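The values are calculated or read from the model by the stated rules, or taken from the named source; none is laboratory data. Since the structure is predicted, the reported quantities are computational estimates derived from the model, not experimental observations. Virtual Cβ from ideal backbone geometry, glycine too; neighbours counted across all protein chains shown.
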Amino acid sequence: MLYVDKSKADVPSYVIVNAKRELKDTPGTTVCYDSLLGDTPSTIREHLCADQGWLCVYCMRRISLKPEPGVSRMAHTEHYIPRHQHGDTGKALPYPEYSQADLDEFSLDYNNLFATCDGKYIEDEQSEEEPEEEYTHAGRTEKAQETCDKPRGNQRLTVDPRNPVHIASIRYGKTNALIDSSDSAIASDLTKKLNLNYHWLVAERASTLSELYEWFSVHAKDNNFRKECEERLQTLKNGDSSGKRQPFAQMLIWALEKRMRRMN
Ligand SMILES: [Zn+2]
């Protein structure tokens, strides 16, 4: 999961304020994300993507507005506090402390919004090669090959991408890249609600992690190894000249900072 510092966000305030005013002036229209018209949702989405270095907040794979197969996934707008309370009948709602009016307000609050991937793992044309395992949680049957907001649905999350303490609790298997957390509620969110240990995703993370370890072994004897690590860290945090961050950036930051602590 990516750490997202919303205090550094490039909020399209004018777009959101204008859209809200327009909705308020339209009789019979609720002021909420679902009522937005025209380019407003895609403008908001583009800002979210750029703020996150064009990575999905949950799985950290590359996202874009015009996805390329094998390179990037279609970007979606995720509402951290969901737009609707889809509690199953007779079960407690995931956010019972909020009314629908609260949710409508959160739905247009940029701090509550994140960019995610489409939640699919397998390319559509390959889907026949992968039998769709199914699992059940919260009374619903889900496809195990989906990750991120797809399996999450409107479930409550403990882990918050805006909370640096939550992100610092996340760790990865040194060689297998399995995601975990020292906080059991966060670990459960990552693995059960967001399905971030889906095997193909884990394989991709492991390959990226092993590239970093390979880079360590090639450069560890360089006189300026620390400086090289610091430069790499900055690029992982800020992205390249076009603002794109490397997929799985937060995991690589975790591994790099761990390696740098060993230099002291
Ligand atoms: Zn994702």
Item to check | In segment 55-71, the residues that are outside any loop (DSSP other than H, G, I, E, B), hydrophobic (A, V, I, L, M, F, W, C) and closer than 18 Å to ALA206 by Cα | outcome: LEU55
Checklist entry - When the residues of segment 230-264 are filtered to those that are without any contact (Cβ under 8 Å) to a residue 60 or more places away in the chain and outside any helix (DSSP H, G or I), which remaining residue is surrounded by the most Cβ atoms within 10 Å (Cβ to Cβ)? => result GLN246
Item to check | Condition check for SER35: of a type in the set (S, T, N, Q), touching a strand residue (DSSP E or B) at 6+ places or on another chain (Cβ under 7 Å) and away from the ligand (no atom under 16 Å from the Cβ) | outcome: no
Checklist entry - at pLDDT 95 or above, in contact with a Cys (Cβ under 9 Å, 6 or more places away or on another chain) and surrounded by 15 or more Cβ atoms within 10 Å (Cβ to Cβ) - does that describe any residue in segment 2-19? => result yes
Checklist entry - Looking at (1) without any contact (Cβ under 8 Å) to a residue 40 or more places away in the chain; (2) under 23 Å from THR147 (Cα atoms), which is the one condition that is false for LEU23? => result (2)
Checklist entry - Would you call GLY38 within 14 Å of THR116 (Cβ to Cβ) and in a loop (DSSP other than H, G, I, E, B)? => result no
Checklist entry - When only residues in segment 148-181 that are at pLDDT 95 or above and touching a Gly at 6+ places or on another chain (Cβ under 9 Å) count, which is surrounded by the most Cβ atoms within 10 Å (Cβ to Cβ)? => result CYS148
Checklist entry - Picking from LYS192, LYS221, LYS227, which residue would you name as being at negative phi, over 20 Å from the mean Cα position of the chain (by Cα) and not in a loop (DSSP other than H, G, I, E, B)? => result LYS227
Checklist entry - Which condition number does SER127 fail, the rest of (1) modelled with pLDDT of 60 or more; (2) more than 25 Å from CYS32 (Cα to Cα) being met? => result (1)
Checklist entry - So which pairs qualify, if the first residue must be in segment 49-77 and more than 21 Å from TYR110 (Cα to Cα) and at pLDDT below 95, the second must be surrounded by fewer than 22 Cβ atoms within 10 Å (Cβ to Cβ) and small (Gly, Ala, Ser), the Cβ gap must be under 7 Å, and the two must be at least 6 apart or on different chains? => result SER72/SER64
Item to check | Which listed residue, of ASP39, ASP104, is exposed (fewer than 15 other Cβ atoms within 10 Å of the Cβ), within 16 Å of ILE16 (Cα to Cα) and either among the charged types (D, E, K, R) or modelled with pLDDT of 95 or more (or both) | outcome: ASP39
Next on the checklist: Just to be sure before I move on: is TYR95 closer than 25 Å to GLU146 by Cα and touching a helix residue (DSSP H, G or I) at 6+ places or on another chain (Cβ under 6 Å) in the structure I sent?
Outcome noted: no
Checklist outcome for this item: Log entry, pairs with first residue in segment 95-119 being at positive phi and within 16 Å of the ligand (Cβ to nearest atom), second being at pLDDT below 95 and part of a helix (DSSP H, G or I), beta carbons closer than 6 Å, six or more apart or on different chains, reads GLY119/ASP149; GLY119/LYS150
Next on the checklist: Being surrounded by fewer than 22 Cβ atoms within 10 Å (Cβ to Cβ), within 11 Å of the ligand (Cβ to nearest atom) and not hydroxyl-bearing (Ser, Thr, Tyr): is that true of HIS84 here?
Outcome noted: no
Item to check | Selection within segment 49-77 - more than 13 Å from the ligand (Cβ to nearest atom), among the charged types (D, E, K, R) and over 19 Å from ARG162 (Cα atoms) | outcome: LYS66, GLU68
Checklist entry - Only one residue in LEU2, LEU23 is within 16 Å of the ligand (Cβ to nearest atom) and in contact with a helix residue (DSSP H, G or I) (Cβ under 7 Å, 6 or more places away or on another chain). Which one? => result LEU2
